[in-house]
Amino acid sequence: MPPDASPTPRYAAERLGAMAVQLLRRAGLSPDKAATVAEILLEGDLLGHSTHGLALLAPYLGEIEKGTMAKDGEPEIIADHGNVLTWDGRYLPGPWLVCRALDLAIERALTHKVVTVVIRRSSHIGCLAAYPKRATDVGLMTLLTCSDPSVKSVTPFGGATPLYTPNPLAFGWPTEGDPVIVDISASTTTNGMTIRQHQHGRKLDGPWLIDAAGNATNDPSVLFNEPKGAILPLGGADLGHKGFGLGLLVEALTSALGGHGRADGVKNWGASVFLQVIDPGAFAGRDAFERETGWFADACRGVPALPGKPPVRLPGERGLKRRADQILGGVALHPDIMPLLKPWAEKLGVPLPPAGS
């Protein structure tokens with residue numbers, strides 16, 4: 001049995017959220033910022049994204065302590081045209097900035113129908129899948145993507161030198177049933193997964209990386225040894241031109257539209273963010289939109305499964321079911337997470353919840 005498939009401790013979701021809020025409050029965040037960051041990190045674990053949920057809490061606390069994640073203030077408004085906004089996030093907590101932007105875009109979509117917000121100099125924003133449901137719950141469609149101008153881990157197709165980030169993209173839209181929520185990267189794997197596998201001395205499930213000599217490999221150590229290798233674009237050694245194209249699009253939507261990115265020699269761990277909210281009612285009507293998206297979702301599920309394989313499911317379907325199950329039965333927290341939080345809990349005087357509680 002693979003190590004990550006072994007039973008993991010379960011914790012009551014409410015207690016995990018309260019712990020995260022306390023740690024962030026003791027670290028210096030205001031109540032609203034702490035509550036929002038904790039909510040988004042917990043949502044990552046509820047949906048099953050164990051590298052991008054509470055696994056990020058310890059690094060976030062470290063950024064607050066170093067002063068590289070700002071604790072106080074508001075984003076600076078660079079441009080506001082009603083339906084198009086640009087913010088300088090001033091390295092305030094990324095989940096809080098994105099939720100503020102998403103809530104504002106949802107509000108303005110009542111008037112403008114399509115609203116776009118770009119944020120430069122945000123701190124890290126966590127799991128992208130944690131956000132779309134806020135829009136789909138009120139019948140809206142949303143697109144969210146980000147890049148990190150300070151990090152180089154993915155190589156352009158045809159190269160072996162790391163240049164940019166996995167550049168995730170998330171989309172969500174309502175149907176007549178559950179929403180469709182997509183969260184993918186423009187790379188074959190993520191930084192979080194390669195770091196975790198490297199720390200445990202484990203290999204990846206496929207040749208998703210390339211070493212400095214140009215050989216495809218499943219060994220994450222090539223990202224940490226000199227000369228460094230890189231993560232391949234989505235599509236790998238054969239079809240990576242597709243992922244490279246998506247990665248370039250993300251760079252244009254985030255850092256380029258925000259006017260601040262890799263060309264500026266950014267050093268802070270953070271994010272350039274693109275967020276768009278679309279009101280389907282402004283086009284052919286919300287009912288017509290959901291009839292079509294609902295029909296297509298049902299048609300996808302109706303495609304016969306391959307022999308011996310599970311039924312076809314829509315993106316986000318498994319995550320939403322896991323979310324509901326874990327709210328009721330406890331969050332199966334990855335065993336790496338509590339040991340990382342223990343020093344912070346001791347330093348900040350916050351008790352960690354026991355497993356099973």
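Quick notes on this structure:
- Flag if residue 241 is over 29 Å from residue 334 (Cβ atoms) and part of a helix (DSSP H, G or I): yes
- Among the residues making up the range 303-341, those that are in contact with a helix residue (DSSP H, G or I) (Cβ under 9 Å, 6 or more places away or on another chain) and basic (Lys, Arg) are 313, 322, 323.
- Residue check for residue 159: modelled with pLDDT under 95, out of contact with any Pro (no Cβ under 7 Å at 6 or more places or on another chain) and either at positive phi or surrounded by fewer than 24 Cβ atoms within 10 Å (Cβ to Cβ) (or both): no
- Checking 58, 101 one by one, the residue that is within 23 Å of residue 189 (Cβ to Cβ) and in contact (Cβ under 8 Å) with a residue 24 or more places away in the chain is 58 and no other.
- Selection count, the range 75-97, where residues are more than 22 Å from the chain's Cα centre (by Cα) and either exposed (fewer than 14 other Cβ atoms within 10 Å of the Cβ) or part of a strand (DSSP E or B) (or both): 8
- If you go through the range 298-349 and keep only what is among the acidic types (Asp, Glu) and either exposed (fewer than 15 other Cβ atoms within 10 Å of the Cβ) or within 20 Å of residue 176 (Cα to Cα) (or both), you end up with 298, 317, 325, 346.
- Pair list, Cβ under 8 Å, 6 or more apart: the range 80-94 residue more than 16 Å from residue 257 (Cβ to Cβ), other residue acidic (Asp, Glu) and assigned to a loop (DSSP other than H, G, I, E, B): 92/74
- Tabulated pairs, the range 273-294, first within 19 Å of residue 133 (Cβ to Cβ) and assigned to a strand (DSSP E or B), second at pLDDT 95 or above and among the small types (Gly, Ala, Ser), C-beta under 7 angstrom, 6+ apart or interchain: 273/122; 275/101; 275/105; 277/105; 277/109; 277/135
- Answer residue from the range 190-236, given it is among the charged types (D, E, K, R) and under 22 Å from residue 53 (Cβ atoms) and is surrounded by the fewest Cβ atoms within 10 Å (Cβ to Cβ) among those: 205
The values are calculated or read from the model by the stated rules, or taken from the named source; none is laboratory data. Source: prediction; values computed, not measured. In this analysis, Cβ positions are derived from the backbone assuming ideal geometry, glycine residues included, and neighbour counts consider all displayed protein chains.
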